[in-house]
Amino acid sequence: DGGITQSPKYLFRKEGQNVTLSCEQNLNHDAMYWYRQDPGQGLRLIYYSQIVNDFQKGDIAEGYSVSREKKESFPLTVTSAQKNPTAFYLCASSIFLAGVDEQYFGPGTRLTVT
Amino acid sequence: GDSVTQMEGPVTLSEEAFLTINCTYTATGYPSLFWYVQYPGEGLQLLLKATKADDKGSNKGFEATYRKETTSFHLEKGSVQVSDSAVYFCALRDFGNEKLTFGTGTRLTIIP
């Protein structure tokens, strides 16, 4: 079955530690995205990547970093510089076209930093 | 810039009631419009979409019509079920833009 895998589902870290969230897709999609979801705020775009070895900042990139070394993988690192990292993180992918294609979402990782 | 405004929640309805969740948008180009649904503890699933004015998207008994004159994309269902309890997000994507712009979500609870 094709889909997007995010692991782990729950992640706990101490303040001051960097943490990397995994996102893997086997849909052969070109584009991948990271969103952050907070209660009552909808989804906000952190980073996105349209092709391997290239990525762009979204609306709230400060304190985060990404890499795109393989088409199927787009890990997100939450650094100690992120002031409020506790949130639900969603990865998505889509076929990269200049037209319209919906984004497919993974199940999410809930990160708690104390 | 692009923005989506959707009905504040939470919304609580009895089973078999009629549902409307309002969504209006602002966009600079010619957006495509989407409704996504999120069940507790899960990611988002595409519920329906419309790509041009007067298109109607439909799925699982839900419908929404792309109204350019009122810049709206309201979600409707004639008879809701307990299993429809979830958070619903309206979103838009402007042509040529990789970014999806989301509304804040509307939590729907259906009581038996």
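The values are calculated or read from the model by the stated rules, or taken from the named source; none is laboratory data. Note that the structure is a prediction, hence the values are computed from the model and not measured. Neighbour counts are summed over all protein chains in view; Cβ atoms, including those assigned to glycine, are modelled from backbone coordinates with ideal geometry.
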### Query
A:S65: hydroxyl-bearing (S, T, Y), closer than 18 Å to A:N28 by Cβ, at pLDDT 90 or above and surrounded by fewer than 19 Cβ atoms within 10 Å (Cβ to Cβ), yes or no?
no
### Message
Condition (residue is acidic (D, E) and in contact (Cβ under 8 Å) with a residue 60 or more places away in the chain) applied to region A:30-52: is it met by at least one residue?
### Response
yes
### Query
Hey, among the residues in region A:8-45 that are at the interface with another protein chain (Cβ under 9 Å from one of its Cβ atoms) and of a type in the set (G, A, S), which one's surrounded by the fewest Cβ atoms within 10 Å (Cβ to Cβ)?
A:G40
### Message
Can you say whether B:E42 is closer than 24 Å to A:G108 by Cα, acidic (D, E) and either crowded, with 16+ Cβ neighbours inside 10 Å or out of contact with any Ser or Thr (no Cβ under 9 Å at 6 or more places or on another chain) (or both), as far as the supplied structure shows?
### Response
yes
### Task
Would you mind telling me which numbered condition in (1) within 14 Å of chain B (Cβ to nearest Cβ); (2) surrounded by fewer than 17 Cβ atoms within 10 Å (Cβ to Cβ); (3) in contact (Cβ under 8 Å) with a residue 60 or more places away in the chain A:S80 fails?
(1)
### Message
If I filter region B:49-63 for residues that are within 28 Å of A:W34 (Cα to Cα) and touching a His at 6+ places or on another chain (Cβ under 7 Å), do I get at least one hit?
### Response
no
#### Entry: strands (runs of 3 or more DSSP E) enclosed by region B:9-112 - at least 1 residues per element that are within 11 Å of another protein chain (Cβ to nearest Cβ) and among the basic types (K, R)
B:44-50, B:86-93, B:106-111
